[in-house]
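What follows is one structure encoded as structure tokens, with my remarks underneath.
The values are calculated or read from the model by the stated rules, or taken from the named source; none is laboratory data. What you are looking at is a predicted structure, and each value in this text was computed from that prediction instead of being measured. Neighbour counts are summed over all protein chains in view; Cβ atoms, including those assigned to glycine, are modelled from backbone coordinates with ideal geometry. To get the accessible areas, we keep the full protein, side chains included, count just its heavy atoms, and leave off ligands, DNA and RNA. Shrake-Rupley method; radii C 1.70, N 1.55, O 1.52, S 1.80 Å.
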Amino acid sequence: MKPTDAGAHILWLETADSTNSVLRRHIGSLDNLSIVAAREQTAGRGQGTHTWFATPGMNLTFSILYRFTDASALAASDALLITQLTTLALRDFLSGHGVEARIKWPNDIWVDRRKICGILIENTLEAGMVLESIVGIGLNLNETGWPDALPNPVSLHELTGRNYDPAAELVALERRIRRRFGQLASSEGRNSLQEEFGKYMFRLPEEPK
């Protein structure tokens with residue numbers, strides 16, 4: 001399985017059950033920061049037993065592979081850095097579109113009181129270290145047809161009034177993620193991730209446990 005965009009290491013699929021599952025099935029042949037994206041997910045997953053809603057072709061549903069070696073080696077006790085670099089990259093991306101977002105603990109992206117993005121992280125651990133992480137991301141780009149069961153969704157289109165090309169936006173987002181991943185290579189970079197995450201992260205009052 002080879003990326004269709006060699007520069008950004010992105011493989012686009014028309015349909016996938018779950019991009020996390022597809023990436024895991026092919027993980028041995030993929031480079032660090034490779035992305036598997038699908039125009040349609042038939043079994044997209046959220047946290048716990050939740051599913052992820054997205055009209056085919058209108059949004060971003062993808063998974064990215066992180067490998068932690070050499071300067072980016074990551075102890076299991078520091079695994080929160082995975083959430084930090086990913087959520088901050090998404091916030092960077094949205095800020096570039098004029099949208100100021102916050103990080104709802106632990107790994108959702110909200111604009112005001114509405115959810116624009118969800119993240120599902122699956123780590124592989126060995127001897128107290130994180131070897132690899134598959135990070136699934138659902139980002140609402142152009143969605144407008146929300147199911148009534150969703151309490152507070154929003155899309156970038158609804159916030160800005162503009163339409164977005166998912167493929168082009170994924171290339172732009174990949175650059176943001178790559179830059180944030182590079183911060184793992186130094187203690188200063190890691191400290192910056194932790195400080196920024198603390199600045200933009202919030203919890204809802206009286207969240208159910």
If one puts a single equal scatterer on every Cα of segment 71-167 and applies the Debye formula without solvent, what log₁₀ I(q)/I(0) results at q = 0.17 Å⁻¹? -0.79
Once both labels are modelled 7 Å past Cα along the beta-carbon direction, what's the E14-R102 spacing in nm? 4.3
What number, rounded to the nearest 500 deg cm²/dmol, is the helix-based mean residue ellipticity at 222 nm of the chain, given -39500 (n - 2.57) per DSSP H run of at least four residues and division by all its residues? -9000 deg cm²/dmol
Residue separation times 0.36 nm, minus the C-alpha to C-alpha distance between N152 and L125: what's the value? 6.3 nm
For L74, net neighbour charge (Lys/Arg +1, Asp/Glu -1) across residues whose Cβ lies under 12 Å away: -2
Based on Cβ point charges of +1 for Lys and Arg and -1 for Asp and Glu, what charge dipole magnitude is obtained for segment 91-196 about its Cα centre, in debye rounded to the nearest 20? 220
Would you mind working out the accessible area per residue for the chain, using a 1.4 Å probe, and quoting it in Å²? 48
At 1.4 Å probe size, put E143, E195 in order of accessible surface, largest to smallest. E195, E143
Matching label, volume of the Cα convex hull per residue in Å³ computed from the structure shown, candidates [x] 113; [y] 162; [z] 129: [z]
In segment 56-132, which GluC sites (Glu not before Pro) fall in coil by DSSP and have 13 or fewer other Cβ atoms within 10 Å? E100
Output ³J(HN,Hα) for segment 69-81: one whole-Hz value per residue in order, computed from phi by the Karplus curve 6.51 cos²θ - 1.76 cosθ + 1.60 with θ = phi - 60°, and x for Gly and Pro. 9, 6, 5, 9, 3, 10, 5, 4, 5, 9, 4, 4, 4
Translational diffusion of segment 155-199, µm² s⁻¹ [Kirkwood Rh, Cα pairs; Stokes-Einstein; 20 °C; 1.002 mPa s]: 171
T42 to A75: FRET efficiency via 1/(1 + (r/R0)^6), r the Cβ-Cβ distance, R0 41 Å, to the nearest 0.05? 0.70
Trypsin sites (Lys or Arg not before Pro) within segment 66-128: DSSP coil, no more than 12 neighbouring Cβ in 10 Å: R113
